Structure formats: structure tokens, C-alpha cells
1. Suppose the filter is surrounded by 12 or more Cβ atoms within 10 Å (Cβ to Cβ), in contact (Cβ under 8 Å) with a residue 12 or more places away in the chain and not in a helix (DSSP H, G or I); does residue 159 pass it?
2. Using the structure shown, decide if residue 74 is under 12 Å from the mean Cα position of the chain (by Cα) and in a helix (DSSP H, G or I).
3. Within the set of pairs 6+ apart or on separate chains, which have a first residue in region 114-132 that is of a type in the set (S, T, N, Q), a second that is surrounded by 12 or more Cβ atoms within 10 Å (Cβ to Cβ) and in a helix (DSSP H, G or I), and C-beta atoms under 8 Å apart?
4. For the list (1) under 28 Å from the mean Cα position of the chain (by Cα); (2) outside any helix (DSSP H, G or I); (3) of a type in the set (A, V, I, L, M, F, W, C), I need the number of the one condition that residue 140 fails.
5. Mind telling me which of the residues 119, 109 ends up being of a type in the set (Lys, Arg) and more than 18 Å from residue 48 (Cα to Cα)?
6. Would you check if residue 110 is modelled with pLDDT of 85 or more and touching a Gly at 6+ places or on another chain (Cβ under 6 Å)?
7. Assess whether residue 98 counts as being surrounded by 14 or more Cβ atoms within 10 Å (Cβ to Cβ) and either free of Cβ contacts under 8 Å to residues at least 12 places away in the same chain or of a type in the set (D, E, K, R) (or both).
8. Mind checking which residues of region 116-133 are farther than 17 Å from residue 92 by Cβ and either among the aliphatic types (A, V, I, L, M) or touching a Cys at 6+ places or on another chain (Cβ under 9 Å) (or both)?
Amino acid sequence: MYLDTAQRLKAQQGKTPPGADNQATADEVDQLDFEFVLFASAVIDYDYIMGLMSRFTQQGTGGSKLNMSREQLIGIIAADAKFMNERDDIAAYINTLKAGEGLSETAIREGYLRFKRERDSAELATIATQHGLATPALQAFVDQTLQRLILDGDALSELMEPLQLGWKARAQ
């Protein structure tokens, strides 16, 4: 039903209405930006969001007809359940973007991946510092665990060895 309505209104866009009374309605239809008619479907995916972010950065450079605020862009992501796990990361990355930079989709993707790596590394360094562990050793342990999808008890014991914890302290 929603898709049909959106398609019907999209088809009306730019057409001259048969009567002068319909001019106000036609203007409203012309104002609609169908980028914001979002549905939980395969159409709204990671590529689409990266494209929207790229067009957001191209605002004001003449490279995009899209006129959207940072809050609207974040709202699109927040509204889609597919981005539940990455919602905060994407929103934080969007807050670092500047309208008018004119970044391509490729630059947005690379920037987002770099942003996530830097953010994850900083968080891991904070955890390592809090617990008195060497950051590279903790990073290697996490990488190995994520690669194998198995928690290696021996590797964990080896990681904790510099703390010189007794068996009672390790069990807690």
C-alpha cells in the first residue's frame, strides 16, 4: 500500500495538473523527496546509506539535488532495524562529515571503515589500560578469538600472566 502510494505520487511529480485548483496540491507533490519514503525492505541497505552519506557531503557543491539535514540522515538509519548494531557507529561517523566536502561513495566507505577501526582500537586501548594489560597483546588475543570464533583458555591465561594473579583471583 505504501509503495503504491509513493509510486503514484512519484508519477505525479512534475506533471501539470488538469485544473488550476490543483496547483497547490501539485506543488506539495513536487516538494516531496522520495528519499525519505523508507521501508524495511532490501532497497534500504548498507550501499543505500553510504550513497545518502555521499550525497549529504555533496550538498552545496552542485553535485547533489538532495537537501537533507544531518539529523534527517541519522533518523533514516535509526528507523531501520537492519542497522541496529551499527546505528551508533554510523551516527557518530555522520557527525564527523561536513556538508560541502563532496566525498564519493568510495571515500565514504573507506572513511567509515577507518573510523570504526580507530574507534575500536581506542576502546580496546582503554580496556587494556584499565586492566593493566599490554594493548598489542590484548589486540592479538581479540583478533585471534574473532578469527577463530573460539575462546582459547590457554591464550587467555597467557594474556593475564603479566598480572601475576593467583588462581583465586583469576576465578573471580
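1. No: the conditions fail for residue 159.
2. Here the answer is yes, as residue 74 does meet what is asked.
3. 121/139; 129/135
4. Condition not satisfied by residue 140: (2).
5. Testing whether each residue is of a type in the set (Lys, Arg) and more than 18 Å from residue 48 (Cα to Cα) leaves just 119.
6. No; evaluated as a whole, the condition is false for this residue.
7. On the way: surrounded by 14 or more Cβ atoms within 10 Å (Cβ to Cβ): no; either free of Cβ contacts under 8 Å to residues at least 12 places away in the same chain or of a type in the set (D, E, K, R) (or both): yes.
No; evaluated as a whole, the condition is false for this residue.
8. Those that are farther than 17 Å from residue 92 by Cβ and either among the aliphatic types (A, V, I, L, M) or touching a Cys at 6+ places or on another chain (Cβ under 9 Å) (or both): 125, 127, 128, 133.
The values are calculated or read from the model by the stated rules, or taken from the named source; none is laboratory data. Since we're looking at a predicted model, the values are computed, not measured. No Cβ is skipped: glycine too gets one built from the backbone with ideal geometry, and neighbour counts run over all protein chains shown.
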